[in-house]
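As structure tokens, the structure follows; a few thoughts come after it.
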Amino acid sequence: MSTPYKPESIEAQAQRYWQEARSFEVGEAPGKQKFYCLTMFPYPSGKLHMGHVRVFTISDVIARYQRMQGMHVLQPMGWDAFGMPAENAAIKHGVPPAEWTYRNIGEMRAQMDRLGYGYDWSREVTTCRPEYYRWEQWLFTKMFEKGLVYRKNSVVNWDPVDQTVLANEQVIDGRGWRSDALVERREIPQWFMKITAYADELLDELDRMPGWPDSVKTMQRNWIGRSEGVELSFNVAGEDEPLTVYTTRPDTLMGVTYMAVAAEHPLAAKAAETSPDVRAFIEECLQTDASEATLETMEKKGMPLGISAIHPLTGDEVPLWVANFVLMSYGTGAVMAVPGHDERDWDFARKHDIEIRQVIAPADGTHIDIGEGAYIDKGVLVNSGEYDGMDFDTAFNAIANHFEKTGRGSRAVNYRLRDWGVSRQRYWGAPIPIIYCDDCDAVPVPEEDLPVVLPEDVKVTGAGSPLKDMPGFVATTCPKCGKDARRETDTFDTFVESSWYFARYACPDADAMLDERAAYWTPVDQYTGGIEHAILHLLYSRFFQRVMRDEGLTEVSEPFTNLLTQGMVLKDGAKMSKNKGNVVDPQELIAQYGADTVRLFMMFAAPPEQSLEWSDEGVQGSYRFMKRFWYAVMDHVDAGKAAAPDPGALSGDQKALRRKTHQTIAKIGDDIGRRNSFNTAIAAAMELLNAVNRFDDDSEQGRAVVHEALEAVVLMLSPMTPHICHALWNVLGHDSAVVDQPWPAVDESALELDTIELVVQVNGKLRGRVSVPADAGREDIEAVAIADENVQRFVDGKEIRKVIVVPGRLVNIVV
RNA sequence: GCCGGGAUGGCGGAACUGGUAGACGCGCCGGAUUCAAAAUCCGGUUUCCGAGAGGAAGUGGGGGUUCGAUUCCCCCUCCCGGCACCA
């Protein structure tokens with residue numbers, strides 16, 4: 001009787017081995033080729049969920065595979081430990097955020113070890129530790145000196161009942177999640193990092209990043225949104241200050257029939273002084289949350305201000321409106337409107353009975369009716385006086401030149417990308433290292449006084465930041481003049497921590513932000529994480545990497561050479577969540593089936609980039625496969641020793657199994673190494689094992705080819721299911737550990753075939769299959785194909801027009 | 001609303017560069033084993049027509065390019081991710 005498959009004991013054994021052998025702790029080895037394999041670190045929310053298990057398993061498979069390819073692999077792990085959930089838990093249960101966070105980290109780390117991930121824990125990074133965040137505080141002060149950070153007013157969601165700032169996700173249908181009060185837009189001073197200073201570099205480099213998915217690069221390109229246009233000044237009747245707008249379509253300038261400003265614009269405020277209607281409208285505009293999705297989907301409203309701008313070419317009066325879809329913080333807070341050639345302007349003009357003027361006509365002379373809808377394509381100018389007949393480029397240049405000559409405007413490059421607001425009015429984050437002095441204004445904390453440590457023994461109530469009420473934290477002296485001063489109580493956006501942690505893993509204990517070890521390990525060779533981070537986290541990290549580079553900390557510009565974005569884990573077609581009650585706890589599954597089964601299912605159920613539909617039956621199927629695998633090896637070994645195959649002495653069936661083995665080695669190597677196609681890799685391993693189980697041959701050579709096949713399966717599945725493979729490798733007679741084995745080699749001579757099967761089509765429809773010698777010529781193949789009995793039924797009596805032969809695949813006869 | 005992605009048997013998915021649609025797994029059906037069940041093993045399984053050989057249809061919907069389209073192009077529907085304070 002074979003030894004039964006008992007995952008709990010073999011998994012514990014393998015994990016003990018890795019721990020005692022320190023299999024995954026790596027130092028810098030300049031002679032070896034390094035491979036830095038990283039997954040987006042988790043927020044320590046309490047327990048691992050299936051999404052974590054999926055991304056960590058993907059990364060672990062890649063790390064273990066690359067190790068078998070001879071790479072010197074680093075795979076670290078850490079904690080994105082600041083964030084709102086800790087404050088929410090504190091409000092709900094009265095536990096201080098720090099305590100809650102550290103407890104969660106302990107729990108999740110134990111779960112990760114139970115799943116068998118090959119992490120170098122000696123490099124663990126926890127972002128809520130002062131020894132970590134001191135360096136981002138330090139970098140902030142360096143950026144301050146360089147003018148890369150600045151303070152300006154910007155909009156937040158204000159909950160008037162809780163007297164606190166809300167995150168966008170805390171605003172539900174325009175109301176505060178706890179108070180249910182209508183949220184207001186409010187402007188407060190906040191700190192910004194000048195990511196726009198790097199906009200061109202961040203954009204241009206995308207063209208030289210073949211290791212990133214096109215979709216992510218496209219999203220980042222669109223997000224940066226570089227455009228070339230013209231900045232123009234419109235005089236305003238009765239005002240000294242002109243109104244400046246930016247447009248990418250100066251060719252439509254003669255079609256401007258109104259202009260719109262934001263509710264917060266000074267001209268709107270001025271009109272409100274005399275008009276109660278305008279005042280009421282402005283107040284209504286502020287009763288909305290600040291997210292772009294809300295602004296873009298809400299009803300477009302506006303009101304005339306009773307003020308006119310002067311058209312810079314015609315001198316005509318153009319009415320000025322205040323509108324809820326124009327935002328003060330974007331651009332100049334004012335837009336020119338061309339309803340004839342912009343959809344939003346067209347809708348707005350229709351609604352408010354504003355003139356719609358056609359100034360562009362299709363270049364091919366097609367008639368269009370501007371009363372039916374806006375014509376937004378580029379074309380030829382009409383109704384534009386001296387510019388009539390010009391195409392877009394000619395008109396763009398003519399009008400731009402005119403404005404540059406008259407000093408009323410200029411060509412300008414504009415970005416959709418806005419500077420990064422890093423201030424958060426929250427407690428559980430890294431303090432922004434600034435001191436406010438009545439005389440010296442905002443002064444960065446000197447290097448020798450860093451870190452500014454966040455006090456951890458606090459009571460969180462949910463109404464404002466507790467830091468404001470801690471005189472011991474706030475009260476300080478000005479580093480410049482020594483007078484009494486106040487500390488900044490805002491903390492960093494948590495994206496700041498996640499924008500450089502990947503570099504810190506290289507040197508977690510360095511007495512500087514980075515040291516020479518980062519030069520060895522960075523950039524990350526393989527980065528894996530959720531597609532939801534395609535823009536913000538990945539763009540901020542690319543920005544930070546450059547700031548660190550320009551500070552002389554590294555020579556690397558791009559932090560992540562290859563990027564894999566994995567899909568979500570769904571159940572019943574929806575993301576797993578407590579609200580929906582469709583959560584599957586990894587812990588219970590591991591207890592029932594073992595880590596290998598869970599890992600195998602995760603990798604088998606879907607390709608990594610797609611969403612993965614959870615299936616309890618599928619997990620059982622993976623468990624069944626683990627058992628079949630286990631007993632196949634056990635039964636083989638129980639029957640005695642096996643020799644190495646002698647290629648010259650194999651029968652046809654033996655040769656066929658050996659061919660299958662080497663075909664599979666080639667396929668799985670390609671699937672994992674090139675395609676990140678783990679599901680098909682596993683399917684191929686299953687096929688090979690099925691072939692072994694069907695293979696009934698006790699002869700010496702028969703046992704030899706089976707042995708070779710089983711060893712190959714053990715080696716090739718070891719990245720996916722490392723524990724069972726650790727055990728089976730020893731069962732197969734090896735003293736070594738499978739984790740240190742090289743990837744199996746393909747024997748090209750085993751792949752050779754004498755005859756191949758070709759598909760025969762008639763007019764593209766499958767009509768038969770024929771066997772031909774592998775080296776058959778085109779004429780022989782055609783003759784054999786046409787001679788096929790079933791093919792004859794469709795060819796007979798018809799004229800053969802063309803025969804297409806796709807070598808090794810098919811023959812298509814066109815009649 | 002804007003940007004990005006997706007849709008293939010009863011289900012998850014495969015088909016990599018335009019060349020056999022449905023690999024592999026789940027489920028289901030039939031059989032073996034068993035006193036019985038579980039577990040395990042063997043066979044079948046896109047739909048329709050046909051005893052069979054075989055034929056017809058078929059990759060969200062509509063059109064197009066091609067000897068040949070799940071794959072390329074145009075239009076549409078639905079679902080998912082992101083939209084700058086969730087991480």
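Would you check which residues across segment A:515-535 are crowded, with 21+ Cβ neighbours inside 10 Å and more than 22 Å from the chain's Cα centre (by Cα) and list them?
Passing the criteria: only A:Ala518.
Name the one entry in A:Ile188, A:Ile172 that is among the β-branched types (Val, Ile, Thr), surrounded by fewer than 16 Cβ atoms within 10 Å (Cβ to Cβ) and more than 9 Å from RNA strand B (Cβ to nearest atom).
A:Ile172
State whether the residues of segment A:319-329 include one that is out of contact with any strand residue (DSSP E or B) (no Cβ under 8 Å at 6 or more places or on another chain), surrounded by fewer than 21 Cβ atoms within 10 Å (Cβ to Cβ) and at pLDDT 90 or above.
no
Tell me whether segment A:49-72 contains one or more residues that are outside any helix (DSSP H, G or I) and surrounded by 20 or more Cβ atoms within 10 Å (Cβ to Cβ). Can you show your working first?
Start the filter on segment A:49-72 by keeping residues that are outside any helix (DSSP H, G or I), which leaves A:49, A:69-72.
From the residues that got through so far, the ones that are surrounded by 20 or more Cβ atoms within 10 Å (Cβ to Cβ) too are none.
So far as segment A:49-72 goes, no, none of its residues is outside any helix (DSSP H, G or I) and surrounded by 20 or more Cβ atoms within 10 Å (Cβ to Cβ).
Pairs, please: C-beta under 7 Å, at least 6 apart or cross-chain, first residue within 30 Å of A:Pro242 (Cβ to Cβ) and in segment A:210-231, second near RNA strand B (Cβ under 7 Å from one of its atoms) and of a type outside the set (Asp, Glu)?
Short answer, once both residue conditions are applied: A:Ile224/A:Arg416; A:Ile224/A:Leu417; A:Gly225/A:Arg416; A:Gly225/A:Leu417.
Results for (1) small (Gly, Ala, Ser); (2) under 26 Å from A:Met716 (Cβ atoms), shown as yes or no for each residue.
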| site | (1), (2) |
| --- | --- |
| A:Glu11 | no, yes |
| A:Ala21 | yes, yes |
| A:Gly31 | yes, no |
| A:Met40 | no, no |
| A:Ala63 | yes, yes |
| A:Met71 | no, yes |
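For the structure I just gave you, tell me whether A:Asp596 is more than 14 Å from RNA strand B (Cβ to nearest atom), touching a Ser or Thr at 6+ places or on another chain (Cβ under 8 Å), of a type outside the set (Phe, Trp, Tyr) and within 24 Å of A:Arg114 (Cβ to Cβ). Don't jump to the end; show me each part of the working.
Details: more than 14 Å from RNA strand B (Cβ to nearest atom): yes; touching a Ser or Thr at 6+ places or on another chain (Cβ under 8 Å): yes; of a type outside the set (Phe, Trp, Tyr): yes; within 24 Å of A:Arg114 (Cβ to Cβ): yes.
Yes: the conditions hold for A:Asp596.
So, of the residues in segment A:669-702 that are more than 10 Å from RNA strand B (Cβ to nearest atom) and crowded, with 19+ Cβ neighbours inside 10 Å, which turns out to be nearest to A:Val731 (Cα to Cα)?
A:Val692
Yes/no per residue for (1) in contact with a Cys (Cβ under 7 Å, 6 or more places away or on another chain); (2) over 29 Å from A:Glu497 (Cα atoms); (3) surrounded by fewer than 20 Cβ atoms within 10 Å (Cβ to Cβ):
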{"position": "A:Leu539", "(1), (2), (3)": "no, no, no"}
{"position": "A:Met548", "(1), (2), (3)": "no, no, no"}
{"position": "A:Thr554", "(1), (2), (3)": "no, no, no"}
{"position": "A:Gly567", "(1), (2), (3)": "no, no, yes"}
{"position": "A:Ala574", "(1), (2), (3)": "no, yes, yes"}
{"position": "A:Ser577", "(1), (2), (3)": "no, no, yes"}
{"position": "A:Val584", "(1), (2), (3)": "no, yes, yes"}
{"position": "A:Ala591", "(1), (2), (3)": "no, yes, yes"}
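Search segment A:670-690 for residues that are closer than 18 Å to A:Leu563 by Cα and pair each with any residue that is assigned to a helix (DSSP H, G or I) and near RNA strand B (Cβ under 6 Å from one of its atoms) when their beta-carbon atoms are under 7 Å apart and the residues are at least 6 apart or on different chains.
From segment A:670-690, the pairs are A:Asp671/A:Thr680.
Name the residues in segment A:765-782 that are surrounded by 11 or more Cβ atoms within 10 Å (Cβ to Cβ), of a type outside the set (A, V, I, L, M) and either more than 30 Å from A:Arg658 (Cβ to Cβ) or within 49 Å of the chain's Cα centre (by Cα) (or both), would you?
A:Arg767, A:Gly768, A:Arg769, A:Ser771, A:Arg778, A:Glu782
Can you name the number of the only condition in (1) more than 24 Å from A:Ser410 (Cβ to Cβ); (2) within 16 Å of RNA strand B (Cβ to nearest atom) that A:Ile307 fails?
(2)
What is the one condition in (1) without any contact (Cβ under 8 Å) to a residue 40 or more places away in the chain; (2) away from RNA strand B (no atom under 16 Å from the Cβ); (3) out of contact with any strand residue (DSSP E or B) (no Cβ under 9 Å at 6 or more places or on another chain) that A:Trp743 does not satisfy?
(1)
Just to be sure I understand the filter: pairs with C-beta atoms under 9 Å, separated by 6 or more residues or on different chains, first member in segment A:764-783 and without any contact (Cβ under 8 Å) to a residue 60 or more places away in the chain, second member within 12 Å of RNA strand B (Cβ to nearest atom) and in a loop (DSSP other than H, G, I, E, B). Which pairs pass?
A:Arg767/A:Asp788; A:Gly768/A:Asp788; A:Arg769/A:Asp788; A:Val770/A:Asp788; A:Ala774/A:Gly808; A:Arg778/A:Pro807; A:Ile781/A:Pro807
Looking only at segment A:783-809, filter to residues that are more than 12 Å from RNA strand B (Cβ to nearest atom) and closer than 20 Å to A:Leu753 by Cα; which one of those is farthest from the chain's Cα centre (by Cα)?
A:Val784
Out of all the residues in segment A:95-103, is one or more part of a helix (DSSP H, G or I), modelled with pLDDT of 95 or more, under 26 Å from the mean Cα position of the chain (by Cα) and not hydrophobic (A, V, I, L, M, F, W, C)?
Yes, there is a match, as at least one residue in segment A:95-103 is part of a helix (DSSP H, G or I), modelled with pLDDT of 95 or more, under 26 Å from the mean Cα position of the chain (by Cα) and not hydrophobic (A, V, I, L, M, F, W, C).
Of A:Asp251, A:Asp289, A:Asp240, which residue is in contact (Cβ under 8 Å) with a residue 40 or more places away in the chain and more than 24 Å from A:Ile360 (Cα to Cα)?
Working: A:Asp251 fails: more than 24 Å from A:Ile360 (Cα to Cα); A:Asp240 fails: in contact (Cβ under 8 Å) with a residue 40 or more places away in the chain.
The unique qualifying residue is A:Asp289.
Considering A:Leu728, A:Leu753, A:Leu715, which residue is under 28 Å from A:Asp653 (Cβ atoms) and within 16 Å of RNA strand B (Cβ to nearest atom)?
When all the criteria are applied, what remains is A:Leu753.
Taking the criterion of being surrounded by 15 or more Cβ atoms within 10 Å (Cβ to Cβ), outside any helix (DSSP H, G or I), within 16 Å of RNA strand B (Cβ to nearest atom) and hydroxyl-bearing (Ser, Thr, Tyr), would at least one residue in segment A:436-453 satisfy it?
Looking through segment A:436-453, none of the residues is surrounded by 15 or more Cβ atoms within 10 Å (Cβ to Cβ), outside any helix (DSSP H, G or I), within 16 Å of RNA strand B (Cβ to nearest atom) and hydroxyl-bearing (Ser, Thr, Tyr).
Of all residues being surrounded by 12 or more Cβ atoms within 10 Å (Cβ to Cβ) and among the β-branched types (Val, Ile, Thr) in segment A:265-299, which is nearest to RNA strand B (Cβ to nearest atom)? Just the residue, please.
A:Thr294
Conditions (1) touching a helix residue (DSSP H, G or I) at 6+ places or on another chain (Cβ under 7 Å); (2) away from RNA strand B (no atom under 13 Å from the Cβ); (3) within 30 Å of A:Lys468 (Cβ to Cβ), marked per residue:
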{"residue": "A:Asn168", "(1), (2), (3)": "no, no, yes"}
{"residue": "A:Glu184", "(1), (2), (3)": "yes, yes, yes"}
{"residue": "A:Trp212", "(1), (2), (3)": "no, no, no"}
{"residue": "A:Gln220", "(1), (2), (3)": "yes, no, no"}
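Pairs please, first residue from segment A:798-815 and modelled with pLDDT of 85 or more, second anywhere and among the small types (Gly, Ala, Ser) and not in a loop (DSSP other than H, G, I, E, B), Cβ atoms under 7 Å, 6+ apart in sequence or on different chains.
Close Cβ pairs satisfying both conditions: A:Val811/A:Ala785; A:Ile813/A:Ala785.
Based on this model, can you work out whether A:Ile376 counts as under 16 Å from A:Thr247 (Cβ atoms) and surrounded by fewer than 19 Cβ atoms within 10 Å (Cβ to Cβ)? Walk me through how you get there before you give the answer.
Numbers: under 16 Å from A:Thr247 (Cβ atoms): yes; surrounded by fewer than 19 Cβ atoms within 10 Å (Cβ to Cβ): yes.
Taking the combined requirement at face value, the residue satisfies it.
Within the bounds of segment A:344-360, is there any residue that is farther than 23 Å from A:Glu296 by Cα and free of Cβ contacts under 8 Å to residues at least 40 places away in the same chain?
Our first condition is that a residue be farther than 23 Å from A:Glu296 by Cα; within segment A:344-360, this holds for A:355, A:357-360.
With free of Cβ contacts under 8 Å to residues at least 40 places away in the same chain added as a condition, the list becomes none.
No, that holds for no residue.
Only one of A:Tyr505, A:Tyr540, A:Tyr520 is more than 16 Å from A:Trp135 (Cα to Cα), of a type in the set (Ser, Thr, Tyr) and touching a helix residue (DSSP H, G or I) at 6+ places or on another chain (Cβ under 6 Å). Can you tell me which?
On the way: A:Tyr505 fails: more than 16 Å from A:Trp135 (Cα to Cα); A:Tyr520 fails: touching a helix residue (DSSP H, G or I) at 6+ places or on another chain (Cβ under 6 Å).
After applying the criteria, what remains is A:Tyr540.
Within segment A:391-401, does at least one residue satisfy the condition of being closer than 30 Å to A:Asn157 by Cα and more than 16 Å from RNA strand B (Cβ to nearest atom)?
No, because not a single residue in segment A:391-401 is closer than 30 Å to A:Asn157 by Cα and more than 16 Å from RNA strand B (Cβ to nearest atom).
The values are calculated or read from the model by the stated rules, or taken from the named source; none is laboratory data. Model, not experiment: these values are computed from the prediction. Cβ: placed from backbone, ideal geometry, glycine included. Neighbour counts: every protein chain shown.
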